Structure formats: structure tokens, C-alpha cells
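Undergrad: Here you go, one structure.
Bear in mind these aren't lab numbers, they're just calculated from the coordinates by the rules spelled out. These figures come from a predicted structure and were not determined experimentally. Positions of Cβ are generated from backbone atoms using ideal geometry, with glycine treated the same way; all protein chains shown enter the neighbour counts.
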Amino acid sequence: MPGTVRFFRSYLSPVFVETGSHIGDGINKALIAGFEEVRSIDAGEKQYQYCLNRFRNDPRIKLWKGNSAFCLKDMISDLTVPLTYSHD
């Protein structure tokens with residue numbers, strides 16, 4: 001098992017939240033680790049569009065485009081379960 005996935009499993013909760021989607025590798029590793037839902041944000045249009053396309057058929061993933069300093073509160077405001085947070 002890759003090191004990142006093993007690390008994610010040690011912090012497993014229902015929801016994984018990350019800032020900095022990049023090309024979605026963190027999203028993918030969080031899903032492999034067993035998170036039920038992944039929420040991710042990236043300020044770059046190119047990265048956001050790439051991840052939208054890469055994960056378009058996976059309802060477990062919610063993506064945002066924007067600056068996490070301004071959007072993070074909105075990303076998690078509806079959650080009533082524990083979350084694991086990772087920032088880039």
C-alpha cells in the first residue's frame with residue numbers, strides 16, 4: 001500500500017477535505033484509503049477543469065474553484081460528521 005494511502009487511513013473519517021486539487025492524485029488516494037466523500041478546491045482554472053473531467057462520474061467527489069481562504073467555510077458548512085483536512 002502506498003505511503004500516502006496508509007497515512008490517510010490513519011486519519012480516516014467520513015469526509016476528506018483538501019486545498020490544492022492539482023491533478024486529483026490526493027483525491028484519488030483519499031478514495032482508495034476509504035473516505036466516503038472528498039471535497040477539494042483549487043484556485044487554478046486548468047486544475048479545476050482537469051479534476052472536473054477526471055472525476056465527472058464519481059458522486060463522492062465535490063469540487064470547488066477558488067481561494068480556500070475565502071471558500072473553505074462554505075465547503076464544510078453543511079457537514080455534520082467529522083472530517084479530515086489536508087492543505088497544500
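Undergrad: Hey, of [x] 45, 34, 24; [y] 31, 26, 24; [z] 45, 27, 19, which did the structure itself give for Cα extents along the principal axes in Å when calculated?
TA: [y]
Undergrad: Under 5 Å between amide hydrogens, which residues at least 5 positions from Y85 or on another chain qualify, with H placed 1.01 Å from N in the peptide plane?
TA: Residues meeting the criterion, in which the H sits 1.01 Å from N, are V17.
Undergrad: Still on this structure: Among the lysines, which fall within straight-line cross-link reach of K29, defined as a Cα-Cα distance under 17 Å, with same-chain neighbours fewer than 8 residues apart omitted?
TA: K62
Undergrad: For S13 paired with I76, estimate the spin-label separation in nm (one decimal), with each label point 7 Å from Cα along the Cα-to-Cβ line.
TA: Placing both labels 7 Å beyond Cα along the Cβ direction yields 0.6 nm.
Undergrad: Which order do peptides 20-30, 55-65, 41-51 fall in by mean Cβ count within 10 Å, highest first? Don't skip to the end; give the middle numbers.
TA: On the way: 20-30: 19.7, 55-65: 14.6, 41-51: 16.9.
Highest mean packing first, the order is 20-30, 41-51, 55-65.
Undergrad: Explain nothing, just the number: relative contact order of the chain, from Cα pairs under 8 Å at least 6 residues apart, as a whole percent.
TA: On the way: 136 pairs, mean separation 31.7, N = 88.
Result for the chain is 36 percent.
Undergrad: Give, in nm to one decimal, the length gained when the segment between K65 and N53 is fully stretched (0.36 nm per residue of separation minus the Cα-Cα distance).
TA: Working: separation 12, 0.36 × 12 = 4.32 nm, distance 1.35 nm.
My answer for the length gained is 3.0 nm.
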